[in-house]
1. Relative contact order, percent, of the chain when contacts are C-alpha pairs under 8 Å separated by at least 6 residues?
2. May I have the pair-distance distribution P(r) for the range 1-87, computed from all Cα-Cα distances with 5 Å bins from 0 and rounded to whole percent?
3. Once both axes come from the Cα atoms, what is the angle between helix 131-145 and the longest principal axis of the chain, in degrees from 0 to 90, rounded to 10?
4. Going by average Cβ density within 10 Å per residue, which order do the peptides 111-118, 16-23 take, highest to lowest?
5. Kindly provide the helix-only [θ] at 222 nm of the chain, computed as the sum of -39,500 (n - 2.57) over DSSP H runs of four or more divided by all residues, to the nearest 500 deg cm²/dmol?
6. For the chain, evaluate the Debye formula with one uniform point scatterer on each Cα (no solvent term) and list log10 I(q)/I(0) at q = 0.13, 0.15 Å⁻¹, rounded to two decimals.
Amino acid sequence: MGVAATTRHCIFCEIVHGAGEASICYQDDRAIAFMDIQPVNAGHVLIVPREHFETLSDVPHALAMHLFDVALRLGPVVRKLSGSPDLNVVVNSGEAAGQDVFHHHVHLIPRRPDDGFDVPLPFSGSQMPDRTLLDAMAARIIGELHDPVKRTSREQPASLGA
Ligand code: 5GP
Ligand code: ZN
């Protein structure tokens, strides 16, 4: 089990271990992908690590990259078979972000113009902040990225423009 191993019942662990029913469309030694049980559109796939990690923040970097790599490999296939050129690649990480199943997963969602689904950005509930606020937040992020105490070996110094 992963660092965020849980004793709670996990439907995706059951699927990974062959104890839960699923329509699997891809598998390798670290990941499996299967059809979402309640798809936005036909072809909606979930890409799931075999090991249990609750949220994106818990997933080791290399594994997170691998899941995204699987998403990139499946993307053209899903687009072809669904007949839809458009896709959302979605990760809901944490309760406030709308995560319902606390075994990390990547959604690959083929989209149709009038399917009624939406990831409503830009957010209509937000004012556009003053440039100074945007600059200040960007500067704080750059500061954190360059902090030698917090930086881990895999992170590269930021070249974020500013
Ligand atoms: P979340 O809100 O956690 O990002 O998304 C969870 C997704 O898992 C939903 O789209 C939901 O339809 C799907 N899901 C929930 N339970 C099952 C299940 O037992 N089997 C499959 N294949 N998908 C599930
Ligand atoms: Zn799990």
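Coordinate-derived values only; no laboratory data. This one's a predicted model, so the numbers in the text were calculated from it and none came from an experiment. As a convention, Cβ positions derive from the backbone with ideal geometry for all residues, glycine included, and neighbour counts pool all protein chains shown.
1. The value is 21 percent.
2. 3, 13, 24, 23, 20, 11, 4, 1, 0
3. 70 degrees
4. 16-23, 111-118
5. -8500 deg cm²/dmol
6. For the requested q values the scattering log ratios are -0.79, -0.98.
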